[in-house]
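Step one of this worksheet: look at the structure below.
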Amino acid sequence: MSSKEEIANKLFEIGAVKFGKFTLKSGLLSPIYIDLRVLVSHPTVLKMVATELIEITKGLKFDRIAGIPYAAIPIATAVSLEGNFPMLYPRKEQKGYGTKKVIEGEFKKGDIVIVYDDLITKGGSKFEAIAPLEEAGMKVKDIVVLVDREQGGPEDLKAKGYDLHAVLKISELLNALLASGKIKQEQFDSINQYFGNPEGWSKKMEGTE
């Protein structure tokens, strides 16, 4: 079993990958929900994830790394500790007292920053997180995630001049879970139908148990 396949199985085992019928932020239904916030409670798996993230970003040029609040803060922290990389993070809301910082951590103008997040569906939330870093004079080219849902995120980023690097594509994660018997072929096929036509799948499943 490859390291990626092992991570896919571990994510399922700790409940970070759930199957059922979930309502997404868009209002559409989905047969799969990925909650990587639980990684903070599983240090062994978090360390595995950090090791793989460091491996796929070897060769990239950067001065420090940034984690997008809140799910990616533990992930970026683990990467920082494992790789000995200086870290910072943009706040979701500007601090209303004291220093009134928008960004926590040390940096200087011109620093090249790799941005880490837990997963990507579309590019919108990534642009929101990158904006304060660039406004502070830092440079961002590479975004690294654990899971790419393969729903347009890489293309959105590319259109704005950013490159995406992912440990796992959703198709790779599903293939690994099928191979290990964590999910059955019927479930695998249904989930792939969803990714082929999310709107159609959602309408079909509305009102069903």
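The values are calculated or read from the model by the stated rules, or taken from the named source; none is laboratory data. Predicted model only: the values in this text are computed from it and were never measured. So basically every Cβ, Gly included, is an ideal-geometry build from the backbone, and we count neighbours across all protein chains shown.
The table below gives the values:
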| read-out | value |
| --- | --- |
| S2 vs. criteria surrounded by fewer than 20 Cβ atoms within 10 Å (Cβ to Cβ), of a type in the set (S, T, Y) and within 20 Å of S171 (Cα to Cα) | yes |
| Subset of the range 35-63 (residues that are at pLDDT below 95 and β-branched (V, I, T)) | I56, T57 |
| Where a residue in the range 1-18 is of a type outside the set (A, V, I, L, M, F, W, C) and its partner, wherever it lies, is part of a helix (DSSP H, G or I), with Cβ under 6 Å and at least six apart | S3/E52; E5/A176; K10/V45; G15/V38 |
| Condition check for Y70: within 24 Å of N9 (Cα to Cα), among the hydroxyl-bearing types (S, T, Y) and at pLDDT 95 or above | no |
| Residue in the range 99-116 that is surrounded by 16 or more Cβ atoms within 10 Å (Cβ to Cβ) and touching a residue at least 60 places away in the same chain (Cβ under 8 Å) present | yes |
| The range 143-158 residues that are closer than 14 Å to V115 by Cα and of a type outside the set (K, R), paired with ones that are modelled with pLDDT of 95 or more and in a loop (DSSP other than H, G, I, E, B) (beta carbon under 7 Å, 6 or more apart) | I143/Y162 |
| Residues (acidic (D, E) and in a helix (DSSP H, G or I)) located in the range 141-183 | E155, D156, E172 |
| Candidate set from the range 126-151 (those that are surrounded by 14 or more Cβ atoms within 10 Å (Cβ to Cβ) and of a type in the set (G, A, S)); member that is farthest from T51 (Cα to Cα) | A136 |
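Each row is one residue, and each column tells you yes or no for (1) in contact with a Phe, Trp or Tyr (Cβ under 9 Å, 6 or more places away or on another chain); (2) closer than 26 Å to R37 by Cβ; (3) modelled with pLDDT of 90 or more.
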| residue | (1), (2), (3) |
| --- | --- |
| G105 | yes, yes, yes |
| I120 | no, yes, yes |
| G124 | no, yes, no |
| I130 | yes, yes, yes |
